[in-house]
Structures are given as C-alpha cells and as structure tokens.
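Every number here is computed from the coordinates shown, using simple stated rules; none is lab data. Just so you know, these numbers come straight off a predicted model, no measurement behind them. Backbone-built Cβ (ideal geometry, glycine too); neighbour counts: all protein chains shown.
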Amino acid sequence: MSLNDDIALLSLVPLFADIDDDKLRLIAFGAERRRLNRGQQLFREGAPADCAFAIASGSITLTRNLVDGSVEMVDTVGRGTLLSELAMISFVERKFTATAEEDSEVIRINRPLFRRMLEEYPEVAVVVEGRIKANLQAMIDAMQRLAPKFG
C-alpha cells in the first residue's frame, strides 16, 4: 500500500475525519502496517496498550472474558475502525481481545507518533479533544441506559 492509500484510510477513521491530508501524512508516514492471518490475535484483553490500530482491510472480532470464564463476542469491525484510540494519549489496558476474522491488515499508530502530531499541529489537538469528549459522553450515556437493568 502507498502513503496516499494510508492517508485515505486514516481519513475514514471518525477521530481523524476533519483533519486535512497534510497532517494525516505525518501519521501515515510514521505508522507501521501489520498483516494478520485469519484467526491470529492482534492483542489480548488486559494487555497494556501503547498504540491504536486502524483496520485497513479485513475484519476483526472483539471478544471479552466474562466472570464465569466464558467468552463473549462483542462485535466484528472492519475497514476504517480505530481500535484502542485512548492508548494514543494515555496508559490503558486492552478492553477486548481482537482476533482477525479473515486475513486482515492494520495500521499501528503508537503514542509518541500521535503526540508528535498534536505537538506539531496544536489545532488538531482541539479537534481530537472534542471527538474524545463526545466518545466518552456516548459511553457514559450508554452506561446510564444500562444502569436501571442492574439496579
């Protein structure tokens, strides 16, 4: 894949949607592509997360371990999905196990690379902050809708 293909992919990611191609070029140039065979794990639940992954092709199944030891399938995601976005700005653990549903390819965006983009383009930090706040609010809203079921 070319640098322009990676820039086009990153522009599909909601977190990066309003960031122009020149700024995305920095991420695309510094990011690392990784191929996964069907059934290969990208990461495991509970592992420390030092990067995010943008899915370039294929699909990834997300699962989590339940208290009783069983495994729950959470979702299957595809091209343009960003996994572990908070890992680009903070130390977090993986919330799911991610496994390639089919032969797939991802772009790895590490924390230092993302921070470099924010330092070089402070206006991007404002866009990213707004997106992260919106994502967190959506998560809080979802949790509040579930709360009566457990109360």
Take the chain, connect every pair of alpha-carbon atoms lying under 10 Å apart with a spring to form a Gaussian network, then pick out the residue of Asp20, Asp75, Asp141 with the largest mean-square fluctuation. Asp141
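Which FRET efficiency value, to the nearest 0.05, is calculated for Ala134 and Gln40 with the Förster distance at 30 angstrom and r the Cβ-Cβ distance?
Details: r = 32 Å, r/R0 = 1.07.
The computed FRET efficiency comes out at 0.40.
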How many percent of the alpha carbon pairs in the chain exceed a separation of 20 Å? 51 percent
If amide H atoms are modeled at 1.01 Å from N in the peptide plane, then the residues at a separation of 5 or more from Ser59, or on another chain, having amide H under 5 Å from its own are Glu101, Glu102
Hey, what angle do you get for helix 122-150 against the long axis of the chain, alpha-carbon based, 0 to 90 degrees rounded to 10? 10 degrees
So, for the Cα atoms of the range 1-48, Rg and Dmax in Å stand at 13.2, 35
Output wanted: per-residue J couplings in Hz (rounded whole) for the range 22-31, from phi through Karplus 6.51 cos²θ - 1.76 cosθ + 1.60, θ = phi - 60°, x for Gly and Pro. 4, 6, 5, 4, 4, 5, 4, 5, x, 6
